[in-house]
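Structure first, then comments.
The values are calculated or read from the model by the stated rules, or taken from the named source; none is laboratory data. Remember, it's a predicted structure, so these values are computed and weren't measured experimentally. All Cβ positions, even for glycine, are placed from backbone atoms using ideal geometry, and neighbour counts span all protein chains on display. Calculation scope for accessible area: heavy atoms of the full protein, side chains included, ligands and nucleic acids excluded. Shrake-Rupley method; radii C 1.70, N 1.55, O 1.52, S 1.80 Å.
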Amino acid sequence: MRTGRFTRLVTAVAAVLGAAACGDDVDSVETEASRERPASELAERSLPLELPLERQVDVGIELYYEGEIDSARSILLPVAEKARQAADTVVWARALTWLGLTARRQGDFPKARRLGEQALGLKLAADLSDQLYRSYNALGIIAWQETRLAEAEELFRKALTAARAVGDEKGVAGASGNLGLVHTDLGEFAEARRDFATLRDAGRALGSPLHEANGLTNLGMLDILVGAPLAAIPNLEEARGLYRSEGLGNEEVAVRQLGDAYAALGELGLAHANYDTALAMARAQGDRQAEAANLEVLAGLYQDAGDDLRALEFYSQAQAINSELGLLWETGRDLRGAALIYTSLGDLELAGRNAAEASAIHREIGAPIEELEDVLILAELAYLEGRSADVDRWMRRAHELSNGLDARVARIAVALTEARIADAAGDPVQVLAALEPLGNDLGRSDFASE
């Protein structure tokens, strides 16, 4: 939480954001063979040389879901080559699909996309209609994480169509939930909530803990984003329990979101503990995007505690990872975080450059929530530097974005910025005028806004 001059919109998208949000490929492998495999085989699954190729793919997928990405890749690589040599298109395409997903988890998005498209091409050529959902969904996740939102939505809709065509109820649920991630990023919160609830409810009905937990995690993320962090905690705790009971690597996402919820409520000790745990999980899994996301939220906590230099160090580490991975959404967030720190240190010129670059990035990729926070910082910087025309320009843009989002958290952020500027100008009447239209919005908001 930021209780100083600037207020923070909780950036849980793809936090979650990936990383923020639980955007993983949600249709878990639940074959009868995987359920009945003996413990002795589990102990030796890193080298399942005597298993059929199809079963080796299953083992690799199980390791993927448990967060053991390197081990999954070490199994899937030779399987893909053997299947290629044997002209076994079914196994080859399936192994390539999951190799693409492991590359995504390791931050190599170009490779992930290349492998995913190769797998899709094989499936289309061989008319493997029962496997098309998986490829479209995987490619949609990659597009979403690279903030190619229009393409991501198209791919998720293709995944939804492919799943319906073969009666794949889990696939329908997974694609619906992933469409919710796109709707969240576009500020279409009502649609996102319906999508995430569909995923949760389908998981319960189908007996799929992963689907149910992902739906709960995303609902928690959305509650934090729209300014209702207290409502998020039960969903996130339930999701974490499901992930842990199933041994699923997605637990890191729920833990990080719990940190966001506690931070928004002012429970900084609990927030820090959850972020530290999530960071350790991300590093253990080799998930660099998640590592960067946890570095970002820890930077925010250090800034709130007044340790600006430590916070700047964490933002710098996160930005280096996100820039290397080509993640524009997250890179813009890191620039904005640095802008806030430079402002508190009195370097308004450097703060303005960082905020302007963040705003340009977020506007280009179509991220209205992020751009809103960027322009509010630019408006306050313009006031501090006596540039009244720029204050008006940035606030007009802020109102445009807020009106388009139609969300409580956006209205509060704009009103508080107007009130702070009026307060700094010694105009108490305008302070009250800025806050008065909020009505019940402010009373139902997060700790920092109150």
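General remarks:
- Selection count, the range 132-179, where residues are under 18 Å from the mean Cα position of the chain (by Cα) and charged (D, E, K, R): 4
- Filter pass, E296 being within 14 Å of the chain's Cα centre (by Cα), within 30 Å of E62 (Cβ to Cβ), open to solvent by 10 Å² or more (accessible area, probe 1.4 Å) and not aromatic (F, W, Y): no
- Number of the exception - Y275 against (1) farther than 24 Å from E237 by Cα; (2) open to solvent by less than 20 Å² (accessible area, probe 1.4 Å); (3) touching a Leu at 6+ places or on another chain (Cβ under 6 Å): (1)
- Every condition in (1) at pLDDT below 95; (2) open to solvent by less than 80 Å² (accessible area, probe 1.4 Å); (3) of a type in the set (A, V, I, L, M) holds for L432 except the one numbered (2).
- Of the residues making up the range 11-30, none is over 29 Å from F189 (Cβ atoms), open to solvent by less than 50 Å² (accessible area, probe 1.4 Å), aliphatic (A, V, I, L, M) and modelled with pLDDT of 55 or more.
- Residues in the range 103-131 that are closer than 27 Å to A165 by Cα and polar (S, T, N, Q) were compared, and the one that is farthest from the chain's Cα centre (by Cα) is S129.
- Within the range 316-336, being within 26 Å of Q106 (Cβ to Cβ) and over 17 Å from the mean Cα position of the chain (by Cα) holds for S316, Q317, A320, E324, L335.
- When each of A152, A159 is tested for being open to solvent by less than 50 Å² (accessible area, probe 1.4 Å), at pLDDT below 95 and either touching a Pro at 6+ places or on another chain (Cβ under 8 Å) or part of a helix (DSSP H, G or I) (or both), the lone residue that passes is A152.
- Residue among A360, A389, A356 that is under 22 Å from the mean Cα position of the chain (by Cα), small (G, A, S) and open to solvent by 30 Å² or more (accessible area, probe 1.4 Å): A360
- In the range 211-239, the residue that is nearest to the chain's Cα centre (by Cα) out of those that are open to solvent by less than 10 Å² (accessible area, probe 1.4 Å) and among the polar types (S, T, N, Q) is N218.
- Hits in the range 326-353 (condition: outside any helix (DSSP H, G or I) and either open to solvent by less than 20 Å² (accessible area, probe 1.4 Å) or aliphatic (A, V, I, L, M) (or both)): L327, L345
- Flag for G286 being within 24 Å of P209 (Cα to Cα), surrounded by fewer than 24 Cβ atoms within 10 Å (Cβ to Cβ) and in contact with a Phe, Trp or Tyr (Cβ under 9 Å, 6 or more places away or on another chain): no
- Residue within the range 369-386 that is among the charged types (D, E, K, R), part of a loop (DSSP other than H, G, I, E, B) and either at negative phi or surrounded by fewer than 17 Cβ atoms within 10 Å (Cβ to Cβ) (or both) present: yes
- Filtering the range 250-307 to residues that are polar (S, T, N, Q) and part of a helix (DSSP H, G or I) leaves Q257, N274, T277, Q285, Q289, N294, Q303.
- With respect to the conditions (1) surrounded by fewer than 24 Cβ atoms within 10 Å (Cβ to Cβ); (2) over 19 Å from T147 (Cβ atoms); (3) not polar (S, T, N, Q), I365 lacks only one, and its number is (2).
- Of all residues in the range 410-425, one or more are surrounded by fewer than 18 Cβ atoms within 10 Å (Cβ to Cβ), at pLDDT 85 or above and among the small types (G, A, S).
- The listed residues are L242, L199, and the only one of them that is open to solvent by less than 10 Å² (accessible area, probe 1.4 Å) and assigned to a helix (DSSP H, G or I) turns out to be L199.
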